Amino acid sequence: MSLSSKKKAHLLGFIQHGVNSHATGMWRNAKDKINYDFARPRYWRHMAQTMERGFFDAMFIADELAPYNTFENSSDATVRYAVQCPTHEPSTIVPIITGATEHLGVGVTLSTMFVHPYAMSRILSSLDHLSEGRVAWNVVSSYSKSEWEAYGHVDMTPRGERYEKMEEYLDVCYQLWDSWEPDAIVADKATGIYADPDKVRVIDHDGKYFKCRGRHFCAPSPQGRPVIWQAGSSERGRDFAAKHAEAIFAVHPGVDRMKQYASDLDERLESKFDRRAGSVKYIYGLQTVVAETRSEAEEKYERIKACIPLEGAIAWMSGHFGLDFSKMKLDENVKNLEVPGIQGLFESIIYAKDPEGKVPVSVKEAALIYAQGMGMPVAVGTAADIADQMETYMDEGGADGFMLAATYTPGCFEEFVDLVVPELQRRGRLRTRYEGTTLRDNLLSS
Ligand SMILES: Cc1cc2nc3c(=O)[nH]c(=O)nc-3n(C[C@H](O)[C@H](O)[C@H](O)COP(=O)(O)O)c2cc1C
């Protein structure tokens, strides 16, 4: 295969607007947040410029709306061990990130459950303008009971109904985003006509969950609508992703599960939604620990793992899956069942030890695997080792790119950019310049 015909990786930096992202205990790492404060713009400017230096498509900001409280029916362990807590509001940093860069996009996670679609579409149009067309929306539906309680609900809406509600939610957003014709704004100072009302449709939606009557309040944004991103992995979630998403984020512990996932999604795209396989990007979670030598990388990995507090790990796993693992013994095996929380990530635990899911995983093992980086495969070694692993996932697992999970920041992305990026470029596996002007142009390019 010639260098130019090889599939190139899309890279995303996976992080949260908080003290700790997806490696539990990362704030304890001796290298984490030296001279930087996650709650200040300087940190975000630095992170953004690092990712742009490495030709990443985007920074991807995960979010949840309140501290997890499934473990022991309390958020004490979440607070005590900084289990993604504190986490600040994610959309507020988008203009800082895109203001510090020219090409880097931002994927922002915003829940559909407690904000009316009229307000959501306005926020996202505004962000698309301010980022000059570099915003993606990770569409989620609040899987954690803590979020529902914080927003005043006694019970959570079950998964099936959440997806049904999200269908209608997106429908309203699409109607609003598509309601201004491209030439609606004339801005004629002589006549005093700014925009032609005949070209700005009034939405009149009266559905099962939402009512919306009015015109979209924002002028058409550079991308028209944000890049739609989804990470649903249950049966219902996969269909939702196959119908709506332009890029899908999934976590699979190894290449066999990746392969199964890609062919399942391809099948859904083509048979159910008349979309071409290959038209949606499959982005898989990956954690990397790189160093000049393998032994140095292994040592670094051990230091990362040593930061994990077991109770914090179990609290995180309980929060994500919606099951209170304090009720189980540490050596009890985790069973494959449909969980109320994030089904796709639960499967990354069940299949952590073998692709058939036959080798049992105990609660303690599950918690420690999960706490390292949400069940993502971990590539530890030299730049060449890591590039080898990424190539396998692309060529055999159907990956179009990788969501790179933070292990300590700043630091881990700098190391990846300095060491792995040149190796990927040398192999023809990563762009050497940005092709387009919007995030959609860059992400959906080959
Ligand atoms: C890799 C991955 C990352 C996710 N990140 C978030 C997130 O940041 N915030 C959130 O509320 N949900 C997140 N989710 C949850 C989902 O997008 C989805 O709402 C949830 O998984 C329930 O659907 P499912 O059971 O079909 O997966 C994530 C899911 C996966 C698989």
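What follows is calculated from the coordinates using simple rules that are stated; it is not laboratory data. Computed from a prediction, not measured in an experiment: that's the story for all the values here. Every residue, glycine as well, gets a Cβ built from its backbone with ideal geometry; the counts of neighbours run over all protein chains shown.
For a paramagnetic label modelled at 7 Å from the Cα of residue 414 toward its Cβ, which residues of segment 43-74 fall within the zone defined by backbone nitrogen distances under 13 Å?
It comes to 43, 46-51, nothing else.
Which residue fluctuates the most in the chain, going by a Gaussian network model with Cα springs under 10 Å, if the choices are 14, 402, 38?
38
Sort out for me the Cα centre separation of segment 396-425 from segment 102-153, rounded to whole Å.
Cα centroid to Cα centroid, the span is 25 Å.
Tilt of helix 159-177 relative to the longest C-alpha principal axis of the chain, in degrees (0 to 90, nearest 10)?
40
Running a GNM on the chain with Cα contacts under 10 Å, which residue among 318, 295, 234 ends up with the highest mean-square fluctuation?
Evaluated over the chain, the most mobile residue of the options is 295.
Could you name the aspartates and glutamates whose alpha carbon sits less than 15 Å from that of residue 353, not counting residues in the same chain fewer than 8 places away?
Correct list for residue 353: 256, 365.
With unit charges on the beta carbon (Lys/Arg positive, Asp/Glu negative), name the residue among 55, 81, 280 whose Cα is farthest towards the positive pole of the charge dipole of the chain.
The one lying farthest along the dipole's positive direction is 55.
Aspartates and glutamates within cross-link reach of residue 300: Cα-Cα under 14 Å, excluding same-chain residues under 8 positions apart?
The reachable aspartates and glutamates, counting only those whose Cα sits under 14 Å from residue 300, are 32, 292, 415.
Given the DSSP H assignment, sum -39500 (n - 2.57) over each helix run of at least 4 residues in the chain and divide by its residue total; what's the result at 222 nm in deg cm²/dmol, nearest 500? Don't skip to the end; give the middle numbers.
Values: 16 runs with 165 residues, N = 446.
Rounded to the nearest 500, the figure is -11000 deg cm²/dmol.
Here are some pairs, 335/358; 259/358; 243/335; which of them have Cα atoms lying more than 21 Å apart in this structure? It would help to have the intermediate numbers written out before the result.
Details: 335/358 10 Å; 259/358 18 Å; 243/335 30 Å.
From 335/358; 259/358; 243/335, over 21 Å: 243/335.
Can you pull the one-decimal nm distance between simple spin-label points at residue 119 and residue 209, each 7 Å off the Cα toward Cβ?
It is 1.6 nm.
Given R₀ = 25 Å, FRET efficiency for residue 433-residue 384 by Cβ-Cβ distance, to 0.05? Could you put the intermediate results ahead of the total?
Numbers: r = 23 Å, r/R0 = 0.94.
Efficiency, rounded to the nearest 0.05: 0.60.
Are there chymotrypsin sites (Phe, Trp or Tyr not before Pro) in segment 57-120 that DSSP marks as loop and that have at most 16 other Cβ atoms within 10 Å, and which are they? List each step's numbers first, then the result.
Values: sites: 60, 68, 71, 81, 114, 118; in loops: 68, 81, 114.
Answer by residue number: 114.
Scan segment 287-341 for GluC sites (Glu not before Pro) in coil per DSSP, keeping those whose Cβ has at most 14 other Cβ atoms within 10 Å, and list them by number.
Details: sites: 292, 296, 298, 299, 302, 311, 332, 338; in loops: 292, 332, 338.
Answer by residue number: 292, 332, 338.
How many nm separate the modelled label positions at residue 79 and residue 426, each set 7 Å beyond the Cα in the direction of the Cβ?
5.1
Quick one: which of 353-363, 47-57 comes out on top by average Cβ neighbours within 10 Å, and what's the full order, highest first? Display every interim value, and only then the final one.
Values: 353-363: 14.5, 47-57: 23.1.
Descending packing order for the listed peptides: 47-57, 353-363.
Under a GNM of the chain (C-alpha, springs under 10 Å), which listed residue has the highest mean-square fluctuation: 133, 237, 160?
Maximum fluctuation in the GNM of the chain, among the listed residues, is at 160.
Going by amide H atoms built from the backbone, whose H comes under 5 Å of the H on residue 109, apart from near neighbours?
So residue 109 has HN proximity to 61, 138.
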